[in-house]
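First up is the structure itself, then whatever we jot down about it.
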Amino acid sequence: MHDAETQLSRGEAGAAAANALVTSLVCRRPFLSGHYGPWACSRRDHLQALRLRAEECLAEAFAATGDYVRSARAAEQALALDPYRERLYQRLLRTHALAGDRAAAAHAYLRCREIFARELGIEPTPTTIALFREAVARG
């Protein structure tokens, strides 16, 4: 995962996507199914966090290569793991906007706003609101 994040920061999106995809696939595998001791649960939590990083990296890498469908899919998979990570909603908004899908961008924003209001009692940040306005204004 470290290699993927480093490659992404260097602008090597294709290589970053390849490494992040391997990480994501490995982290999806079951780990000591049926064992629920503290160590096994801790390792599962670590693998889930690593997979979240991998999916987020994939979303960024695919967006950088112009593959907006796979970018959105990776962002959605990451949001399934952590529905409160606002930067994933921001990535999703940008991705849908770049793909020219204003309805999908609006849906992503409304989902973010609803989850944040219902679960956390907060509004999205001004950055997210601005991204939403920009996304739906594109025409």
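Derivation of every value follows stated rules applied to the coordinates shown; laboratory data play no part. What you see is a predicted model, and the numbers here were worked out from it, not measured in a lab. Using ideal geometry, Cβ is built from the backbone for each residue, glycine included, and neighbour counts are taken over all protein chains shown.
Between GLU119 and ARG29, take the C-beta separation as r, use R0 = 25 Å, and let me know the FRET efficiency to the nearest 0.05.
0.30
Under the 0.36 nm per residue contour assumption, what length would be gained going from the current alpha-carbon distance of ALA40 and ARG111 to full extension?
Full extension of this stretch gives 22.2 nm more.
Expressed as a rounded percentage, what relative contact order does the chain have, with Cα pairs under 8 Å and six or more residues apart?
18
Given an 8 Å cut-off on Cα distances and at least 6 residues of separation, report the relative contact order of region 1-66 as a percent.
46
Roughly how big is the chain's charge dipole about its Cα centre, with Cβ charges of +1 (Lys, Arg) and -1 (Asp, Glu), in debye to the nearest 20?
Charge dipole, the chain, about its Cα centre: 180 debye, nearest 20.
With a cap of 15 neighbouring Cβ atoms within 10 Å, and only residues DSSP puts in a loop, list the chymotrypsin sites (Phe, Trp or Tyr not before Pro) found in region 45-122.
Answer by residue number: TYR84.
Decide, for the chain, between rounded, prolate and oblate: order the square roots of the alpha carbon gyration tensor eigenvalues as a ≥ b ≥ c, take rounded if a/c falls under 1.5, and otherwise choose prolate if a/b is larger than b/c, else oblate.
Oblate is the answer for the chain, as a/c is 1.5 or above yet b/c matches or exceeds a/b.
Count neighbours as other Cβ atoms within 10 Å of each site's Cβ, and list the chymotrypsin sites (Phe, Trp or Tyr not before Pro) in region 17-49 that are DSSP loop with at most 15 such neighbours.
The qualifying sites are PHE31, TYR36.
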